[in-house]
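Reviewing the structure listed below.
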Amino acid sequence: MALRVYAEPSVFGGCEDEEFREGSRRLLQRFGTGRVHLVISGLTLRELTPAPLEVRRWLVEVPRSAVEFLHFTAQARRLQRAYEDAGLVTPRLRADAHHIALATAGRVDYLVSWNFKHIVNHRRIALIHALHLRVGGPSLRICSPLELLIHV
């Protein structure tokens, strides 16, 4: 069974960033192997819309058969509110909470991001896991593309 990996938009932007290029491109190549499926959402697409063509083209190059689309469900909405109510994210960072809630409600295996300040942040990840335990939500593994590449 293929791993389901929710890629936050920074992964696509990383393809054109010197620091993150190798990790992003290697991960996106894995989505064409059948062992790893890319999971995205409408928010991902909206955030990529204003990005340069060079960044957007990386999403188009992933085979459609390896892409799954998540919708913002009632469960995801409740999780996003819970993150905000618990102070895990500020209203200014609502999109980050939205990505995390979508990935959690969608029961993906991993959420990957280069956003080390607000998403791939060990303190925040621990608080998110504690909240999931408290509200009975599923667990979510959050990491950078390089951390995931060790396992796939």
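The values are calculated or read from the model by the stated rules, or taken from the named source; none is laboratory data. These figures come from a predicted structure and were not determined experimentally. Methodologically, a virtual Cβ is constructed for each residue, glycine included, from the backbone with ideal geometry; neighbour enumeration extends over all protein chains shown.
Do you know which residues across segment 83-127 are closer than 15 Å to GLY137 by Cβ, of a type in the set (A, V, I, L, M, F, W, C) and either surrounded by fewer than 16 Cβ atoms within 10 Å (Cβ to Cβ) or over 16 Å from the mean Cα position of the chain (by Cα) (or both)?
Hits for segment 83-127 are ALA86, LEU88, ALA126, LEU127.
Quick grid of which residues meet (1) in contact (Cβ under 8 Å) with a residue 60 or more places away in the chain; (2) among the hydroxyl-bearing types (Ser, Thr, Tyr):
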{"site": "ALA86", "(1), (2)": "no, no"}
{"site": "THR90", "(1), (2)": "no, yes"}
{"site": "TYR110", "(1), (2)": "yes, yes"}
{"site": "ALA130", "(1), (2)": "no, no"}
{"site": "GLY136", "(1), (2)": "no, no"}
{"site": "ARG141", "(1), (2)": "no, no"}
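Working only within segment 1-11, note down all residues that are hydrophobic (A, V, I, L, M, F, W, C), touching a residue at least 12 places away in the same chain (Cβ under 8 Å) and surrounded by fewer than 24 Cβ atoms within 10 Å (Cβ to Cβ).
Selection gives ALA2, LEU3.
Identify all residues within segment 33-82 that are over 20 Å from GLY137 (Cα atoms) and charged (D, E, K, R); write none if there are none.
ARG35, ARG46, GLU47, GLU54, ARG56, ARG57, GLU61, ARG64, GLU68
Does GLU8 meet the test of being of a type in the set (Asp, Glu), modelled with pLDDT of 95 or more and under 13 Å from SER113 (Cα atoms)?
So GLU8 fits the description; yes.
Return a yes/no flag: does segment 38-53 have any residue that is within 24 Å of ARG123 (Cβ to Cβ) and of a type in the set (A, V, I, L, M).
Looking through segment 38-53, at least one residue is within 24 Å of ARG123 (Cβ to Cβ) and of a type in the set (A, V, I, L, M).
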